[in-house]
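Scroll down for the structure; my scribbles are underneath it.
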Amino acid sequence: MDKLRIQGGQQLEGRIQISGAKNSALPAMAAALLTSDELILENVPYVNDIYTTRRLLRELGAQIELATDHSVRLRIPKIESIEAPYDLVKTMRASVLVLGPLLARTGRARVSMPGGCAIGARPINLHLKGFEKLGAQVRTEHGYVEASCERLTGADITFDKITVTGTENLMMAAVLAEGRTVLENAAREPEVVDLANLLMKMGAKIEGAGRSTIVIEGVRELKGTTHRIIGDRIEAGTLLVAGAITGGELELTGIHPAHLMSVVEKLRENGVALDVGAELISVYGPHDLAPSDVETLEFPGFPTDMQAQYMVLATQSNGISLIHENIFENRFMHASELMRMGANVRLDGSRAIVAGKTKLTGATVIASDLRASASLVLAGLVADGYSLVDRVYHLDRGYEKLEDKLRSVGAKIERLK
Ligand code: EPZ
């Protein structure tokens, strides 16, 4: 298994182009199931979850080409299979995003239940409840969801809880349903809006994406189109923290600042100077960081996918920071590894109390999930001596060549194969 070896203490300086958003590219690729025409997606990040999605869609009958310029051509003239097998779904729970499009296009879907993951139980009950509301028969047996319908029929659906992929799955089902669907308490994440923009280019009728109420008028069929995936706000947020904690100066391009203003504003509270432009953000790491409490919320609140990275910054802030994780019930796995590096963190249920500034020292640490691995890389950048981050396959699922990007601005980091 690959590892990353990091020598801490370098100030980072330079410009980094942000990759396309993983959490936007995944549903966008699933949307190709909704038409027999060709779909071209540009600015797709070449991370492992994209390769897993390619494998899954090929099993369903897709022809897919990944070009060197990060554009992906997808065509699914005929759905050859309606099954998303356990072997693929267990490696990437976002595979559940084929359920809505398969149901909408063929009236049938058989998708392995994703099961739990390191950060929480993560059930899909709200997805299934929504499909039943649209008239599908849904049953789960032998670890699979079996769903079927003649043709989906529009309905009013209120989510008990805000769910990102739940909103995306139901939106992709409703665009080909008979009649009108209203999604209430829908997710407002930029990735949801990006998917809606893609679907509208394909001929869908959607209003209100980005707000809590989304209205979809079903149409008979959708056509092919070309769509550019938005920049990855979580990759950008991770690099903003890297610039802030190393006292460096970074310019990030290819990102809409509006997609991560909650992170920008939080870092400003920590005393970090940031400039925002049309599609760029510059960060100037201060000598001293001030503590600031944070709680994770749905968009436009502070993203849970930035919580682990923010904890590293809190270890380098002068004072006490309280971190409250509201979205996932088990998302502090990184804390014990940071403590092995010398961090002073106390966990209390969904809260972490971080005392800083503490001197981190290099150590061998193990990544438990995607964002936890990013936080260990960040800690390695400021730790005294060498750190070895193990199980970086977690990182490779959602960050495209992070070590190359960090090295290009002065980090001492290498991958040990
Ligand atoms: C998406 O996951 C992202 N993944 C996650 O990013 C992100 O952490 C999460 O949204 C929250 O922002 C993708 O977009 C592929 P949810 P998702 O459904 O859709 C509960 C990363 O690091 N819930 O919004 O699976 C759930 O357990 C990943 O890139 C139900 O109870 O998250 C959680 O507590 C990690 N029943 C809360 O809602 C359901 O049917 C929000 O989950 C669905 C969700």
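Bear in mind that the values in this text are calculations on the coordinates, not laboratory data. This one's a predicted model, so the numbers in the text were calculated from it and none came from an experiment. Don't worry about glycine lacking a Cβ; one is built from the backbone with ideal geometry, like all the others, and counts go over all protein chains shown.
Give me the aspartates and glutamates in straight-line cross-link reach of K266: C-alpha distance below 19 Å, same-chain residues under 8 apart excluded. Straight-distance partners of K266: E189, D232, E235, E249, E251, D275, D288, D293, E295, E298, D305, E325. One Cα centroid belongs to the range 169-241, the other to the range 98-128; the line between them spans 18 Å. For a paramagnetic label modelled on Y284 (point 7 Å from Cα along Cα→Cβ), amide N atoms under 15 Å away belong, within the range 8-27, to 13-14. Entry note: the range 115-248 has Rg to Rh equal to 1.05, where both radii use alpha-carbon atoms and Rh is the Kirkwood radius. Mean sequence separation of contacting Cα pairs (under 8 Å, at least six apart), scaled by the length of the range 243-329, corresponds to a relative contact order of 29 percent.
Rounded, prolate or oblate, given the Cα gyration tensor of the range 276-417, with a/c below 1.5 counting as rounded? Mind dumping the intermediate values first?
Details: a/c = 1.27, a/b = 1.17, b/c = 1.09.
Here the range 276-417 falls in the rounded category.
About the Cα centre, and with charges only on the beta carbon of Lys, Arg (+1) and Asp, Glu (-1), how big is the dipole of the chain? Nearest 20 debye, please.
640 debye
Determine how many Å³ per residue the convex hull of the Cα atoms of the range 271-334 encloses. Each step should come with its number before you reach the end.
On the way: hull volume 6.2 nm³, N = 64.
So the per-residue Cα hull volume is 97 Å³.
Calculate the length of the line joining the C-alpha centroid of the range 316-356 to that of the range 273-289, in whole Å. The range 316-356 and the range 273-289 have Cα centres separated by 24 Å. Dipole size of the range 295-417 about its Cα centre, with +1 on Lys/Arg Cβ and -1 on Asp/Glu Cβ: approximately 400 debye, rounded to the nearest 20. Along the range 97-109 the Karplus relation, 6.51 cos²θ - 1.76 cosθ + 1.60 evaluated at θ = phi - 60°, assigns HN-Hα couplings of 5, 7, 4, x, x, 5, 4, 5, 7, 10, x, 8, 7 Hz to successive residues, with x for each Gly and Pro. Using R0 = 30 Å, the C-beta based FRET efficiency linking N125 and E217 works out to 0.65.
Near T364, the amide H atoms lying under 5 Å from its own belong to L388; only residues 5 or more places off or on other chains count, and H is placed 1.01 Å from N. The value of relative contact order for the range 6-83, using C-alpha pairs under 8 Å at least six residues apart, is 31 percent. With a Förster radius of 22 Å applied to the C-beta separation of E184 and K205, the computed FRET efficiency comes to 0.80. The amide H of H256, built 1.01 Å from its N in the peptide plane, has G231 as neighbours under 5 Å, considering only residues 5 or more places off or on other chains. Look at the dipole of the range 70-191 built from charges on Cβ: of A136, T167, L103, the Cα furthest out on the positive end belongs to L103.
Placing dummy labels 7 Å off each Cα toward the beta-carbon, the span from K161 to R58 is 3.5 nm.
Counting pairwise Cα distances across the range 231-323, what percent come out greater than 16 angstrom? Walk me through the intermediate numbers first.
On the way: 1981 of 4278 pairs.
Here the long-distance tail beyond 16 Å is 46 percent of all Cα pairs in the range 231-323.
Counted over all Cα-Cα pairs of the range 1-89, pairs farther apart than 16 Å make up 60 percent. Charging the Cβ of each Asp and Glu at -1 and of each Lys and Arg at +1, and nothing else, the dipole of the range 193-308 about its Cα centre rounds to 620 debye. Principal-axis analysis of the Cα atoms of the chain puts helix 370-382 at an angle of about 20° to the longest axis. Residues of the range 266-285 with an amide N closer than 13 Å to a point placed 7 Å from the Cα of L297 along the Cα-to-Cβ direction: 266. A convex hull fitted around the alpha carbon atoms of the range 146-190 yields 83 Å³ per residue. Residue-wise HN-Hα couplings along the range 319-325, as the Karplus relation 6.51 cos²θ - 1.76 cosθ + 1.60 with θ = phi - 60° gives them from phi, are x, 9, 10, 9, 10, 10, 9 Hz; Gly and Pro carry x.
Shape class for the range 67-140: oblate, because the ratio a/c of the largest to smallest gyration tensor axis (alpha-carbon atoms, square roots of eigenvalues) is 1.5 or more and b/c is at least a/b. Counting only lysines at least 8 places from K417 when in the same chain, those with an alpha carbon closer than 30 Å to its own are K3, K22, K90, K359, K401, K405. In this label model, M1 and R346 are separated by 3.2 nm, measuring between points 7 Å along each Cα→Cβ vector. Placing a pseudo-label 7 Å from each Cα along the Cα-to-Cβ vector at S71 and K90 gives an inter-label distance of 3.8 nm.
Per-residue ellipticity at 222 nm from helix content only, as computed over the chain with -39500 (n - 2.57) for each DSSP H run of at least four residues, stands at -9000 deg cm²/dmol. Based on every Cα atom in the chain, Rg and the maximum pairwise Cα distance Dmax equal 21.3, 63 Å.
Mean separation of Cα pairs under 8 Å and 6+ residues apart, divided by the residue count of the range 118-243: what relative contact order is that in percent? Spell out each step's value before the answer.
Numbers: 204 pairs, mean separation 25.5, N = 126.
Relative contact order of the range 118-243: 20 percent.
For the range 100-208, lysine pairs separated by 8 or more sequence positions, or belonging to different chains, with Cα-Cα distances below 24 Å total 4. Karplus-based coupling profile of the range 393-400, in residue order and whole Hz: 4, 4, 5, 5, 5, x, 10, 8, with θ = phi - 60° in 6.51 cos²θ - 1.76 cosθ + 1.60 and x standing for Gly or Pro.
Give me the percent of DSSP beta bridges within the chain that run antiparallel, rounded to the nearest 5. Don't skip to the answer; put the middle values down first.
Values: 56 of 80 bridges.
Here the antiparallel bridges make up roughly 70 percent for the chain.
The H on the amide N of A273, modeled in the peptide plane, is under 5 Å from the matching H of Y284, each at least 5 residues off or on a different chain. Given axes a ≥ b ≥ c from the Cα gyration tensor, I'd like to know whether the range 324-399 is rounded (a/c under 1.5), prolate (a/b larger than b/c) or oblate. Oblate, because a/c is 1.5 or more while a/b does not exceed b/c.
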